[in-house]
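J.: First the structure, which I've put down as structure tokens, then a few questions once you've had a look.
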Amino acid sequence: MNVTPVALAAPHPAAADAARAVVAAGGNAFDAALAAAAALTVAYPNQCSIGGDLVAVARPAGQAPRAVLSIGAAAANVDVEALRAAGSEMPYAGPQTVTVPGVVAGWAAVAGLGARLPLGDLLAPARALAAGGVPVSPGLRRAVLAEIDVVRADPGLSALLLDDAGEPVGTLVQPALAATLDALAADWRSYYTGDVARRLVAGLTALGSPLSPADLDAHRAEVVEPLTRVVDGVTWHAAPPPVQGATFLALAGSGDLMADSWRARRARDRLLGDPRNGPIDVDGLLLRTGMAEFDRKIGPKAAGDTVAVAAVDADGNAVTLIQSVFWSFGSGMLEPGTGIVLHNRGSSFSLDPAHPARIAPGVRPPHTLCPTLAVDGETVVALGCQGGRSQPWILAQVAGDVLESDDLDGLVARPRWVIGAEEIDRDGPTLVLEPGLTVPEMTSGFVVETLAERHDGAGHVQVARLRDGVLAAASDPRADGDPVVLRP
């Protein structure tokens, strides 16, 4: 059996265990990343689910990287006028924010680019976790306590996460989700056209969602050419709109990262949308041109929204994959019949009919997911993070040193900053510093806040690298995971 060494970083130990199992069975970086991603949908329902979306950048060894966009669209019969009549902004949670979930189709698309094992085999560790139980991690327990009102309000979430006394459980046991994963292992398409799709839509209809069987059947994961930028001889690859990959590329190699991050934030909020709705000003997103003026309130912070998985193997295969339910526990709904937590990606739509992110039937919302991959000759780096709308500047603080650093653990652990306003739970323009950072010169017009300790808001960075034939990985200490280099 050909066993290829793989470096993998993910935010939960269950992900590393799943990757270890499939690498031992002959899998490569693609197999390891997918097994880890599936395990995370069981262990981290606050951050990801098969009821969410997926974006990846993947490089088959010796080939050009590809971007995978498995981002679900709004229902064909979404009542846009009723949403506008109800308020000036999309609701932040609930049935109207559920777009078609893309994760499962995304897994299949990533597998098609280079996995060695059948997708059903890659789901086996996740199915075992769902059926047998997985301990509640510190991060999940924090999320349950932080969102206790949301959890208590939904019968599906409360049955999964709370005991008879209303306190967080110590172990997640998910028989309905295990049965769903069994069905997907037999045929992943059943999520969109088969029995799983029928049961999910029936449950969503009961919860008040406008999604129909035809909406699920219409979903396709896109495999496209990524956006690229060359910085000091290194080619960075990121996903195109409706993903904010251009925002990261605008910051790669920046000489004034904080100032450029604020400019890039404004450009993204004004210009990012779905190309299905009309042309997107990518040059504007890249800060190469001016921008149209749209005053858009983008809503409060999406806490606990995302997981990133990074994997590279000794052959040069590389995958950076992010999957998400957006807010912590997504829409705040778990469909009991299937065990699926539903995301609230639709909350990112704009109700302004002139905005590039305007909601319309069959259109995808703008996305915060921002995986990136770097190639410099034989060196390849897979990089991604949790961090909501702050992902581009979180990644940019790591990207400058990630190819050359001899201490990846120290790199992802070092203090970081985030910049924003309402999306980081602040009333106005704010620069938030982790301890150990000095106040920069660029403070005019910003409130500067220094935190007492490292914080989830600074992101959970995951990195895997092949350099000079040597594999390495690092997992952010702000999360619950451990990096692994899996060898024969």
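None of the figures in this text is laboratory data; all of them are computed from the coordinates on show. Just so you know, these numbers come straight off a predicted model, no measurement behind them. For neighbour counting, all protein chains shown are included, and Cβ atoms are generated from backbone atoms with ideal geometry for every residue, glycine included.
J.: With +1 on each Lys and Arg Cβ and -1 on each Asp and Glu Cβ, how big is the dipole of the chain about its Cα centre, in debye rounded to the nearest 20?
T.: In debye, rounded to 20, the chain gives about 640.
J.: In debye, nearest 20: dipole of the stretch 170-252 around its Cα centre with unit charges on the Cβ of K, R (+) and D, E (-)?
T.: Using only the charged Cβ atoms, the result is roughly 120 debye.
J.: Label points 7 Å out from Cα along the Cβ direction at Thr289 and Asp232: separation in nm?
T.: Simple spin-label model gives 3.0 nm for this pair.
J.: Explain nothing, just the number: relative contact order of the chain, from Cα pairs under 8 Å at least 6 residues apart, as a whole percent.
T.: Worked out over the chain, it gives 24 percent.
J.: A further question on this structure: As an exercise, use a Förster radius of 25 Å and the Cβ-Cβ distance of Asp427 and Leu145 to find the FRET efficiency, rounded to the nearest 0.05.
T.: Once rounded, the FRET efficiency stands at 0.55.
J.: Of the peptides 45-52, 326-333, 226-233, 347-354, how do they stack up when ordered by the mean number of other Cβ atoms within 10 Å, highest first?
T.: The packing order, highest mean first, is 45-52, 326-333, 347-354, 226-233.
J.: I would also like to ask the following. Once fully extended, how much extra length lies between Ala25 and Glu453, figured as 0.36 nm per residue of separation less the alpha-carbon to alpha-carbon distance?
T.: 150.0 nm
J.: Which order do peptides 460-469, 130-139 fall in by mean Cβ count within 10 Å, highest first?
T.: Descending mean neighbour count gives 460-469, 130-139.
J.: Divide by every residue of the chain the summed helix terms, -39500 (n - 2.57) for each DSSP H run of at least 4, and state the resulting mean residue ellipticity at 222 nm, rounded to the nearest 500 deg cm²/dmol.
T.: Value at 222 nm, helices only: -9500 deg cm²/dmol.
J.: While we're here: Taking only complete DSSP H runs, can you tell me which helices of the chain stretch 15 Å or more along their own long axis by Cα positions and average at least -0.5 on the Kyte-Doolittle scale?
T.: Membrane-span-like by this criterion, though nothing is claimed about a membrane: 13-24, 29-43, 119-132, 175-186, 195-207, 391-402.
J.: Would you report the distance distribution of C-alpha pairs in the stretch 331-488 as whole percents per 5 angstrom bin, up to the bin with the largest distance?
T.: The calculated distribution, bin by bin, is 2, 8, 13, 15, 16, 14, 13, 10, 6, 2, 0, 0.
J.: Let's test the formula: R0 of 35 Å, r as the Cβ-Cβ distance of Val470 and Asp79. What FRET efficiency results, to the nearest 0.05?
T.: Rounded to the nearest 0.05, the efficiency is 0.05.
J.: Of the listed peptides 160-171, 202-213, what is their order by residue-averaged count of other C-beta atoms within 10 Å, with the highest listed first?
T.: Answer by packing, highest mean first, reads 202-213, 160-171.
J.: Calculate the dipole size of the stretch 362-488 relative to its Cα centre from +1 charges on Lys and Arg beta carbons and -1 charges on Asp and Glu beta carbons; express the result in debye to the nearest 20.
T.: 340
J.: Let me know the shape class of the stretch 131-247, please: from the alpha-carbon gyration tensor, a ≥ b ≥ c as square roots of the eigenvalues, rounded when a/c is under 1.5, otherwise prolate if a/b is greater than b/c, or oblate.
T.: The shape class here is oblate.
J.: A further question follows. Pull out a ≥ b ≥ c, the square roots of the eigenvalues of the alpha-carbon gyration tensor of the stretch 1-71, then state rounded if a/c is under 1.5, prolate if not and a/b is larger than b/c, and oblate in the remaining case.
T.: Taking the square roots of the gyration eigenvalues as a ≥ b ≥ c, the stretch 1-71 is oblate.
J.: Separation of the stretch 92-130 and the stretch 139-166 by C-alpha centroid, Å?
T.: Computed from Cα coordinates, the inter-centre distance equals 24 Å.
J.: Right, another one. Report the full-extension gain for the segment Gln63 to Ala186: residue separation times 0.36 nm, less the Cα-Cα distance, to one decimal in nm.
T.: 41.3 nm
J.: Pulled fully out, how much extra length does the chain show between Asp401 and Arg263, if you take 0.36 nm times their separation in residues and subtract their Cα-Cα distance?
T.: 47.4 nm
J.: Sticking with the crude label model, points 7 Å out along Cα→Cβ, report the distance from Ala413 to Glu378 in nm, one decimal please.
T.: Label-label distance for Ala413 and Glu378, simple model: 3.0 nm.
J.: From zero outward in steps of 10 Å, how is the percent of C-alpha pairs of the chain spread across the bins?
T.: Bin by bin from 0 Å, the calculated values are 4, 22, 33, 27, 11, 1, 0.
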